[in-house]
Structures are given as C-alpha cells and as structure tokens.
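Only one structure is covered here, and it is reproduced in the block below.
The values are calculated or read from the model by the stated rules, or taken from the named source; none is laboratory data. No experiment lies behind these values; they were computed from the predicted model shown. In this analysis, Cβ positions are derived from the backbone assuming ideal geometry, glycine residues included, and neighbour counts consider all displayed protein chains. To get the accessible areas, we keep the full protein, side chains included, count just its heavy atoms, and leave off ligands, DNA and RNA. Shrake-Rupley method; radii C 1.70, N 1.55, O 1.52, S 1.80 Å.
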Amino acid sequence: MTRRIPLWATLIPLAVGIAVWAWLWHGYEAGLKADLEQVLPPGTAVESSGFPYRLEARIAPARLAFDDVALSATVSAAEAAVNRVPWQRDRQVIAARDSSATLMLKPLPGATIRVDAPMAQASLRLEADRIARLSVVWETPNLSTGLFAAPVRAGRIEAHLRETPAPAGNPARPGPTGPTQAQLVLNGTALRFGDGAPLTLSLESEFTAAGRITSLAGWATGGTAEIRAATLSDDTGEVARLSATLMQDKDGKLAIAGTIDTVCPASVRAAIAGEAPPAEQRSRKPERIAISGHLPGNVTAAARDTTKPPPPVRGQEPPCPRLR
C-alpha cells in the first residue's frame, strides 16, 4: 500500500520559494530607492510597489535639476512612475504626467529649449557609466526655444540619444571633425512652427569631439554637431532637407553653416528671414540654398540667382505649405 504525502508537505517548497523571492525582491526594491535618492532632491517621497514582479516607484511631485557654470537642466512632473525589472538595474521605463523639461546652454545667449507635455514616457538603458540608449516620447507637447522666434507645437515628438564613445587616439571617422561621441535622432508629427502648417520632422545628427563628451566646455573645444539630415514633409511629400554643421566659434557663439534642398525655396527663404510667407507652387526640381550665421536669430539664406529663369513648377500639386 502506497503511503500518501500530506498536502501541507507539498506546499513547503512553494512557501520556501515565495519567502526567498520576497526577500530578494525587497532587496531589489531597496536598490531602486537608493538609486533614485542619488538623483532626487533630499526629502523627496518615493512610494514603491509591484511585488512579486516588476518594481515600480512613484514620485509626486517629481523634480530633477542640474546646474553648473555652462549648463542648466531641469525636469519636473506632477507625478512620475519608474518601472524596472528587478534583476535589470541598467534598464528603466519612466512615465510622467504634466511634465516639463528645460535645457539652457549658459554661454550661448538664447540657446534654451523648454518642452511641456501632458504625458511623457522615457526608457533608459545604461552600459557601465554611459547612455546606451535614452528614448523619450512627448504627447501633444508645446516647445519654446530661443533658437527660433516662433513657438512650436506638435502631435508627438520622439527623441533618441545614445553615447558612442570612440577610443582615444583612434577616430572612428578620420576627417576635419573629431570622432562621433554621441548620436541624436528626432521624429515629430503634426509639427507647427508658429502659424505654420502641420509638418512631419525627421532629424539624424551626431556630436563629435576629441574625447567623450562629459561637459559643454569639453565639447566646445573643437567639437561639432553634425546634422546629417533634417527633413520637413507634408502630406504631398518632402518640402525641405537640411544638412549643416554647428560649432562654437572664437567669440563663443553657436555658428551654423550648411545647405537646404527644397522644392519651396521662396517659402524657406521667407521663413528664415522672418518674413510673410509667399504664395508658391512646388518646383519640379529641388533648389539648393546655402545658409550661414549664428544661432539664435542670426541666420541668413543665400539669395536666388536672378540671372537664371524660375524653375518649372508642379501646377497640379497643392501649393507649398506655410512654414511659420
């Protein structure tokens, strides 16, 4: 006759497993709180939950601030939630309600940007002490910046940043600039500059420097921001494409030089000059316009060569959109 094992005996391994996991989970929970305490102002209340799986820390209100001689940055939200898989300390997902982010480059007058959005979500992945990937999505944000005269609204904006430190003395791409140390990608939908029409934005850029960028001063000494391609499009197609280099000049100003390829050259020139938008049909072939100057507010576009006849236009397509 087979002896039956009591039910309570079969539950012992399960109970032990739950107890061990609870002990481990609360250790992970303490680790998350400790990590947050390193970046949050002293006395910030943090409530954690999520047992038995994902860790979640809620902060209401939430505020982060950084300030030195060259850079000032603040991020705030009415409420923020930080989620982390317990055993993946290098990865977090952050959701923020009624959020605001401000960045100011102090040596460059007007070089500020502020983003306000009712909802924002970010994901952060670290590798050692560098940003392997930081992605932020803002829903229906409003932007204001000293780099542009007009305010900016959007249906959605995505930003993706990653550090790509090149080995010292071994540039990843030989040439007039240093190696690429970071990459930034921006995408926006229903983007409006002032009273402009809704446009779609796609931007790919790189930051170069002799070494890893750990401060504005370190980047400004020989570093550049390379806009590989920044395109504005509407429902009909691409309106303008910018390629440019930005760098700090000897006077401490942010200099820009590049070209814009556009099927709406008169509209682009008017937008850069801050003039009333003209009535313009899209040209059949893009015109290349050289731009140069300083940000903010001192950029000029090369005038059209009046010795050449106007380009043929696409009369069957919608006219050029208003850009600002």
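Computed from Cα atoms, the angle from the helix 7-37 axis to the main principal axis of the chain rounds to 40 degrees.
Grab the other residues whose beta carbon is less than 14 angstrom from that of residue 73, score K and R as +1, D and E as -1, and report the net. Could you put the intermediate results ahead of the total?
Values: positive: 63, 106, 114; negative: 67, 68.
Around residue 73, the charge tally is +1.
What the chain shows is 58 Å² of accessible area per residue, with the surface traced by a 1.4 Å probe over protein heavy atoms. Dividing the C-alpha radius of gyration of segment 107-150 by 2.2 N^0.38 Å, with N its residue count, gives 1.52.
What relative contact order, as a whole-number percentage, does the chain give when Cα pairs under 8 Å and 6 or more residues apart are counted?
9 percent
Across 5 Å bins from the origin, how do the percents of Cα pairs in segment 39-89 run, short distances first? The calculated distribution, bin by bin, is 5, 18, 23, 19, 17, 11, 5, 2, 1.
The Cα-based radius of gyration and maximum Cα-Cα distance (Dmax) for segment 24-138 are 15.0, 50 Å.
Quick one: pull the percent of accessible area on segment 249-289 belonging to carbon and sulfur, 1.4 Å probe, ligands and nucleic acids left out.
Numbers: 1150 of 2120 Å².
Within segment 249-289, the accessible surface is 54 percent carbon and sulfur.
Within the straight-line cut-off of under 28 Å between alpha carbons, the lysines reachable from residue 250 are 106, sequence neighbours fewer than 8 places apart in one chain being disregarded.
Based on the mean of other beta carbon atoms within 10 Å per residue, what is the order of 101-112, 258-269, 41-52, 305-316, most packed first?
On the way: 101-112: 17.0, 258-269: 21.6, 41-52: 11.6, 305-316: 9.4.
Result, highest mean Cβ count within 10 Å first: 258-269, 101-112, 41-52, 305-316.
The base-10 log of I(q)/I(0) for segment 198-324, evaluated at q = 0.13, 0.23 Å⁻¹, reads -0.60, -1.39 [Debye formula, identical scatterers on Cα atoms, solvent excluded].
Classified by the C-alpha gyration tensor, segment 73-129 has an oblate form. Its axis ratio a/c, with a ≥ b ≥ c, is 1.5 or above, and a/b does not exceed b/c. With only Cα atoms counted, the chain has Rg and Dmax values of 25.6, 109 Å. For residue 308, the lysines whose Cα comes closer than 18 Å to its Cα, not counting residues fewer than 8 places off in the same chain, are 285.
Site pair residue 67 and residue 238 shows an inter-label distance of 4.4 nm when each label is modelled 7 Å from Cα along Cα→Cβ.
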